[in-house]
Structures are given as C-alpha cells and as structure tokens.
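To start, the structure itself, in structure tokens.
The values are calculated or read from the model by the stated rules, or taken from the named source; none is laboratory data. Nothing here was measured: the structure is a model prediction, and the numbers come from that model. FYI the Cβ positions are ideal-geometry reconstructions off the backbone, even for glycines, and counts take in every protein chain you see. The accessibility values were calculated without ligands, DNA or RNA, using every heavy atom of the protein model including side chains. Shrake-Rupley method; radii C 1.70, N 1.55, O 1.52, S 1.80 Å.
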Amino acid sequence: MKSIIKSTFHNLYKIFILSLVPYYGFTQPSRTVEIHFRFYDKSQEVSKEVMNHQYKLFTYSSDNYKPADYRYDNPSKTYIISETIVYNDVHLFIVHEKDTMQLIFKTKGAKRLKFKVDHLDFKEGTFIIDNEAATMLDFKNSKSTYYNYILSILPKNIYNSEESPIYTELKKLKLRYGIKEDDFNIKKENQLVVITALNEPLILKKYKAYLSESEVGENDVIDDGKVYHSPDHKVRIFVFEGESCGAHCNTYYKSFIHFNLDKKIPNSLEADFFPIDAILKLNNDSYLVLQTGVDGGGIDINENKTATLIQFKNEKINIGKTYVLPDLPTSEKLKSVSIIRDTMSEDEKNKNYFLKFDSKTNILEYKYWRYMNDEKTKKKVYSGKFIFDGDSFRIL
C-alpha cells in the first residue's frame, strides 16, 4: 500500500488542506465520524471491485495523508468511511486516474458525527458538505460554496494572517477568478469565472484587469500582455510589462503560467518571467524558457537574459531557482541561470552578448560584460558553457 500511496499523491496537486485542529497542552477528546454514500461515476454505480482497483481513497489529518478506513455494505451498496477527529472537519480525497475529488464534511466542532449522501457522483474539484443528509452534491454552486467557505474561516485580523494557509488559499482563488486583493465579499456562482478556461484574448483582458486592480500603483501603466506557447502547446505563459513612474520611471514584469492544458480547467501559477524569446522542449518532462528583459530605472538600466528550466512530474510543476552569473552555488547542478549586462550605450548595443541554447548538443552558452569600477572605464568579459544532462545543467 505504501508504494500505491506514493504514486498517487502526485495527483493531489493544487488540492488545499485545512487542518483546523486546536492544540492545547492536554489531551483532547476524540470522536468518530461516519460517512455513508453510494458512489457513482458518470451516473454509473461503482462496484466494490471497481472501487478497489481504479480508485484510491485518502483522508487527511495532523499534516498526514492516510488510506481511508472504509468498508462496503453489500445489501445497501453503500460505502462507509470511519474517521477519528477532535474538533476538525473531515477531508476525504477520492483519486481516479489524473483527477482528484476533495470532500470537506463540516462537523461544526464535532457536533455532527454522521453524514449520508445518497448519490455521490465522482467529479474533479473541491466540494463542501454542510448537511448531515444529502441526496446529491450541488455541483452547480460548488465554486462559490468553496470560495465563501474559505472566506468564512479566514482569521478575523487579515493583516496578521498572510502566513496563514487559509489566507494563501484565498489569494490563489482570487487569482484563479481575477478578484481584486481587497475584495472580501461573498460571491455568487456566476461571479466566479475560471480564467484558465477562457479563450486567450479574454484571458489577457482578465489578467490585465486583475493586475490593474490588485498589483500596480496609482501612476503605473500595464500593457495588454503577450502569450507564449511551448512547441507542443502543453505550456503557455502570459507576460505583462508595467511601468512605474516617480522621480524616474521603472520597468517591471508580471507573468502567469498555464499548464496541464489537456484538462478542462488547466492549472495556473503566478510566476516571474521576463518577455520570452523562446520556449524549447528538452525532453518529455522539461522545457527551457529563454527570456530578455530590463530592470532598474532612470539612467541605471540593466538588460537581463535568463534561461529558466521548467519540469513536470505527474502533473506537478517545478520552476528552477535562478542564479545570476558569475555567482553560482557550490553545487554544479543548476535549474536556471541569468546574465546581466550593464547599461548599454548606442555604440555598445551591437557588441557580442548572448545566452543561447544548442538543441543538438544540449549546450547552453553565454557571453556578457560588466563594469569593474564606478567610473565605468573598465569592463570584464565573462563567457562559458553549461550542458543539460536530462535533469539539470552542469558547468562545462
């Protein structure tokens, strides 16, 4: 069973866990919650044999996943889950292939100890069960039910709760639906439109509106944004350029990456990318994103060229931490690198300066220069190569 759990947990990506168990210096009384349900998938009843072979059931408590303690009552064709709690809600996960259904049973501080769902149809997503007896789940209002549930358990003083996992989840949901940061009103279902499910022109408009309302200063300007695709169209990145002006004007960038594009609702993540020169596919699980952008402001503007490694494992994404050359960690295994050239004058713009990748040799090569003194009379040229070994870059 241990190996099964390990291989399945990768499918729990983007699933949020709320463990609302109070901790005291003495033992808390525990109670057992029972959950009864008849299980269906696409309106077809799921037998015990199919459940055992094609589905995995887990519960979550005390920061641990564990196989759900369940049995099957043959006469009533009912699955029965038994879970020990203190005052917390019950979190049940049902995993099938690449999809995960999370069910949160609200026990109201252990005042509710038995739940029954007559017709539980499998569907990816998170659903709140607030009634002890239900005929079936309310799929039509599932987004607003969950969003408003998160609002309801948000710590009262939000200014001291930014490290709270509840506040973090709320910020993810606001990004998912394009809700501005200072909006703490409950939402109706038709107000929660998932940005990643829209067409690209609408996505660009939604993200621009989100950034304009939530991120930028009073005098900032955000452009219309651009979208970049991987060669296999499994990854797309939206990049917006902003300008913030005070005594000087500074350029900055905001970006969002969408992945698992074969799903009805792809995953999304806010990221840090410059405008993109190319997205290269290195192997089945790895992509290299080559970017060029500027930072600084006024007369002190630097140009950056960055190579960022993006890797996937069972739908979970890892974006490599970027190291700025020539400063590198002691380890030779790198996931992303960046070079910075100092302010360019007109006669220096055409100098040899590059960060490029050769897909035939898997070699990432760079060349750039930096000023060595404040008077900007001495420069040093840096150059070198890395090779991609299938997992990371190594210095040659």
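For region 148-161, check the following and say yes or no: at least one residue is assigned to a helix (DSSP H, G or I), in contact with a Ser or Thr (Cβ under 6 Å, 6 or more places away or on another chain), aromatic (Phe, Trp, Tyr) and at pLDDT 85 or above.
First pass over region 148-161, keeping only residues assigned to a helix (DSSP H, G or I): 148-152, 158-160.
Restricting the remaining residues to those that are in contact with a Ser or Thr (Cβ under 6 Å, 6 or more places away or on another chain) gives none.
No, there is no match, as no residue in region 148-161 is assigned to a helix (DSSP H, G or I), in contact with a Ser or Thr (Cβ under 6 Å, 6 or more places away or on another chain), aromatic (Phe, Trp, Tyr) and at pLDDT 85 or above.
Please verify whether SER30 is at pLDDT below 95 and surrounded by 12 or more Cβ atoms within 10 Å (Cβ to Cβ), treating the condition exactly as stated. No, not satisfied. In region 52-93, the qualifying residues are those that are closer than 19 Å to ASP130 by Cα and charged (D, E, K, R), and the one that is least open to solvent (accessible area, probe 1.4 Å) is GLU83. Comparison of TYR40, TYR79, TYR87, TYR65 shows that the only residue that is at pLDDT below 95, hydroxyl-bearing (Ser, Thr, Tyr) and in a strand (DSSP E or B) is TYR65.
Filtered by the rule that a residue be of a type in the set (Lys, Arg) and surrounded by fewer than 16 Cβ atoms within 10 Å (Cβ to Cβ), region 94-110 gives LYS98, LYS108. The residues of region 291-304 that are modelled with pLDDT of 90 or more and open to solvent by 20 Å² or more (accessible area, probe 1.4 Å) amount to a single one, THR292.
How about region 239-281: which of its residues are outside any strand (DSSP E or B) and either open to solvent by less than 40 Å² (accessible area, probe 1.4 Å) or farther than 26 Å from LEU355 by Cα (or both)?
GLY246, ALA247, HIS248, ASN260, LEU261, ASP262, LYS263, LYS264, ILE265, PRO266, PHE273, PRO275
For region 42-51, the candidate set comprises residues that are hydrophobic (A, V, I, L, M, F, W, C) and touching a strand residue (DSSP E or B) at 6+ places or on another chain (Cβ under 7 Å); within that set, the residue that is nearest to THR135 (Cα to Cα) is VAL46. Just one of the numbered conditions (1) touching an Asp or Glu at 6+ places or on another chain (Cβ under 9 Å); (2) within 30 Å of THR361 (Cβ to Cβ); (3) of a type outside the set (D, E, K, R); (4) in contact (Cβ under 8 Å) with a residue 40 or more places away in the chain is not true of ASN267: (2). If the condition is being polar (S, T, N, Q) and touching a Lys or Arg at 6+ places or on another chain (Cβ under 7 Å), then region 92-145 contributes only SER144.
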